[in-house]
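I have placed the structure first, in the form of structure tokens, so that the comments after it can refer back to it.
The values are calculated or read from the model by the stated rules, or taken from the named source; none is laboratory data. These figures come from a predicted structure and were not determined experimentally. Neighbour counts are summed over all protein chains in view; Cβ atoms, including those assigned to glycine, are modelled from backbone coordinates with ideal geometry. SASA here: full protein model, heavy atoms, side chains in, ligands and nucleic acids out. Shrake-Rupley method; radii C 1.70, N 1.55, O 1.52, S 1.80 Å.
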Amino acid sequence: MKKVLYTIGLALLAMGCTEDYTDWANPFKNDPEAAKTMSMTITPVATIDLATVTTETIKIFSPSIAIDDEAETSYVAKIYGREEGEEAEFEVGSDGSVVKEILEQAVYALYGQRPVERAIPMDVSGFVKVDGQTFKAIGSTTLSVIPNAPEIEQAYYLTGSINGWNNSDTTYKLTNDGSDPYENPVFTCRIPAPEDGSNVEFKMTPESGLGGDWSKCLAAGDEGKFKYNNDGGNLVIVADPDALFYDLTFNMLDQTWNAKAVGFNEFIYEIGNESGWSEPHPLHGDGNGYYSAVIYLNGEFKFKPNKDNWDGDWEKVSGDATGGTLTTEGGPNMDGVDAGFYFIQVDLKEMTYKITPVTSISIIGSVRGAWDTDVDMTYNEIMKCWEARETLSAGEFKFRLNHDWAVNWGGTFDDLVQDGANLQLAADGAYVIRLFLSDETPARCTVKEDNGYPDNFYEIGNEGGWGISHLLLGDGNGKYQGYYYLDGEFKFKPNADNWDNDLEYVSGDTTSGSLTDGGGPNCPDPGAGFYQINLDFANMYYSLLKIESISLIGGFNGWGDDLEMTYNKEEGCWQVTTDAVSGEFKFRANHDWGINWGGSFDDLVQDGANLTIDGGTHTFKLYLSYNGAHHVTIE
């Protein structure tokens, strides 16, 4: 590390009495007096390892001010972060020491808590008070600091009584969703409560310790804390007789943990004739046995607790098309209903269900001037949400069902609840408001400025006999992208169900060109194959990138050799069946990281976090641009 030694030498004249700071190089003058001499030296200190500091204060530099008269001295230090404008300033004692807690807060705010050495630029302002006159000078040096934090890995796995103390088992994964663990140190997972009602004893195995290395495990500490490096006994969850699950939360920096008993599943599922009894639809729970969602029904249906099997499903005991009572002992399906959307409510405490036909879902509030006018929303089949495009005023609003307050949603944009607080709109403007009521998240909404661009565009062409519209996902700024098989001529259009305002070809070549909405030929045949399709509606231009391959790559092959997938044109997916994939992996195109997908199985995104799977034989089916998102199914 390069150390900087900063020294100032100067002649000092006696000054009049004032508390203003005077630059030592250009002092304010009254009547001249005899000159005084002074110098300041700022000497950097050795690297500070905050993990080993036991004192309340820490010396961050060694100051020295020499003056041929008595003087009062003080210092202020300013340290700088990695980005322009990031800085922290604090007072320093006359010996160059600062309170340890103040230094830690400043360093962690600028650089995080990852325990690696940081060479931090630092300015030191020295103040000298002589005969009532205060002078200031600034010196620069480097502060070397190692933050105090344990080594935190990206994932941990529960090893304990519920999995036979199998140190290689990855069933119960503790994760912070893949973000930097020093920025987000809170890790969580849900585990089932033992069926016999016993306590759960366990330790947490880091990813690097899987397979038998117990030395790195998280073990029990004192008073709700844990210890690293297996320095303690088993962690224990005391059995709750009403628990179906326990939600575990570990803060890897504070070394605190807790387990919360959960008496009801987060979701239950409706399944029925509307999907040929093949697609479960989630109902979100409130934690106390009440579940609800807005779901499209068409005929008979039933409920079940698990997405992927029928174990413990609920049938009808008594009731009619508007509701009834439930049982797990076997019985008929719920009564058939006419095709349409319904608000479904299930109460597992009372074992009852109720369904209400949806005649409208609307926005109401002062954003339209008064609380007496509903703005009806329409259902977006592609995005699976209710939406409205409206010019609104700053103010308050809520959502409600069937123009009535019996069912209404408020609270926060990310977590809407029955009878929640009014939502706030900060400014007047044109907005696109979307309400999500039927996926595996709490009810939520998004509110975005309407910039005039369609949310989505569609490709349609010879590959589908000019009868299938393929969704291109929009970025909100007039650019759209999708991945599809092309074979022959094609064009673009803003609506899935009609040809209004479609775009035609003006000039270019077989993989790119300019477009017009004034009429013209189709875009030329690029040759049969799978393509990344890019449409720039703002500039009326399109381009194609041919996808020669899509593959799996990961720890199973040292992140080196790609495992090739094949395109299934009938199902519109890339697929492979293999027993070679386990641990972390991703998908990528053309054997290059320029196009790669990770994140979660249900929502794959460019450059998303690594995916994880246990060993075994699996069939991977990768669907791109399907129903508004990229996703993979694994059988």
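Relative contact order of the chain: what whole-number percent is it, with Cα pairs under 8 angstrom and at least 6 residues apart?
5 percent
In whole angstrom, how far apart do the alpha carbon centroids of region 359-431 and region 311-328 sit?
32 Å
Counting only helical runs of four or more DSSP H residues, what would the 222 nm mean residue ellipticity of the chain come to if each run contributes -39,500 (n - 2.57) and the total is spread over all its residues?
It comes out at -500 deg cm²/dmol, rounded to the nearest 500.
Near Lys216, which lysines are there with a Cα under 26 Å away, not counting those fewer than 8 places off in the same chain?
The qualifying lysines are Lys173, Lys203, Lys225, Lys227, Lys260.
Quick one: if the Förster radius is 30 Å, what FRET efficiency do Phe127 and Gln105 give, using the C-beta to C-beta distance and rounding to 0.05?
0.85
Counting only the heavy atoms of the protein chains, how much of Lys621 is accessible to a 1.4 Å probe, in Å² to the nearest 10?
Surface accessible to solvent at Lys621 totals approximately 30 Å².
What lysines could a cross-link reach from Lys354, if we take a straight Cα to Cα line under 25 Å and drop same-chain neighbours fewer than 8 places away?
In chain and number order, the partners are Lys302, Lys304, Lys307, Lys316, Lys384, Lys398.
Per-residue HN-Hα couplings for region 385-400, Karplus 6.51 cos²θ - 1.76 cosθ + 1.60 at θ = phi - 60°, whole Hz, x for Gly and Pro?
Result, ordered by residue: 8, 9, 9, 8, 10, 9, 8, 10, 9, 4, x, 10, 7, 9, 10, 8 Hz.
With the other protein chains left in place, how much accessible area per residue, in square angstrom, belongs to region 55-214 at a 1.4 angstrom probe? Intermediate values should be presented prior to the final figure.
Values: 7280 Å² over 160 residues.
Per residue, region 55-214 has 45 Å² of solvent-accessible surface.
How much length is gained on full extension from Asp419 to Lys78, taking 0.36 nm per residue of separation minus their Cα-Cα distance?
117.9 nm
Helix 100-111 against the longest principal axis of the chain: what's the angle in degrees, Cα atoms only, rounded to the nearest 10?
50 degrees
With the radius of gyration and the Kirkwood radius both derived from the Cα set of the chain, what is their ratio Rg to Rh?
With Rh from the inverse mean 1/r over Cα pairs, Rg/Rh is 1.07.
Determine, for each peptide in 424-434, 201-211, 96-106, the mean count of other beta carbons within 10 angstrom over its residues, then list the peptides with the highest first.
Output ranking for 424-434, 201-211, 96-106: 201-211, 96-106, 424-434.
Set the Förster distance to 51 Å, then compute FRET efficiency between Asp404 and Val236 from the Cβ-Cβ distance, nearest 0.05.
0.55
With a cut-off of 16 Å, note down the residues of region 426-455 whose backbone N falls inside the zone around a label point 7 Å from the Cα of Asp517 toward its beta carbon.
Those under the cut-off are 451-455.
Count neighbours as other Cβ atoms within 10 Å of each site's Cβ, and list the chymotrypsin sites (Phe, Trp or Tyr not before Pro) in region 569-635 that are DSSP loop with at most 16 such neighbours.
When the chymotrypsin sites (Phe, Trp or Tyr not before Pro) of region 569-635 are filtered for loop state and at most 16 Cβ neighbours within 10 Å, Phe601 remain.
Under a 1.4 angstrom probe, counting protein chains only, how are Phe303, Phe264 ranked by accessible area, largest first?
Numbers: Phe303 0, Phe264 50 Å².
Result of the area sort, largest leading: Phe264, Phe303.
What figure in square angstrom, to the nearest 10, would you give for the accessible area of Asp497 with a 1.4 Å probe?
For Asp497, solvent-accessible area is about 140 Å².
What distance in nm lies between label points placed 7 Å from Cα along the C-beta direction at Ala496 and Thr55?
6.9 nm
So for region 456-589, averaging the separation of alpha carbon pairs under 8 Å that are six or more residues apart and normalising by length, what relative contact order in percent results?
Numbers: 298 pairs, mean separation 24.9, N = 134.
This gives 19 percent for region 456-589.
Using a 1.4 Å probe on the protein heavy atoms only, what accessible surface does Val238 show? Give it in Å² to the nearest 10.
Near enough 110 Å² of accessible area.
Could you work out what % of the accessible surface of the chain is carbon and sulfur, using a 1.4 angstrom probe and leaving DNA, RNA and ligands out of the count?
So the carbon and sulfur contribution to the accessible surface is 45 percent.
If you average the sequence gap of Cα pairs under 8 Å that are 6 or more apart and divide by the length of region 358-470, what percent do you get for the contact order?
Averaging sequence separation for qualifying contacts and normalising by length gives 21 percent for region 358-470.
What residues from region 460-482 fall in the zone where the backbone N is under 13 Å from a label point 7 Å along the Cα-to-C-beta line of Asn539?
Residues passing the 13 Å test: 478-480.
With the Cα gyration tensor of region 400-506 in hand, give its eigenvalues times 5 under a square root as the equivalent ellipsoid semi-axes, listed largest first in whole angstrom. Working shown, then result.
Working: eigenvalues 263, 52, 30 Å².
With the √(5λ) rule applied to region 400-506, the semi-axes are 36, 16, 12 Å.
Below 27 Å Cα-Cα, how many Lys pairs turn up in region 485-635? Only count pairs eight or more apart in sequence, or on different chains, if you could.
Going through region 485-635 pair by pair, I get 10.
Counting other Cβ atoms within 10 Å, which trypsin sites (Lys or Arg not before Pro) in region 253-358 have at most 15 and lie in a DSSP loop?
Lys307, Lys349
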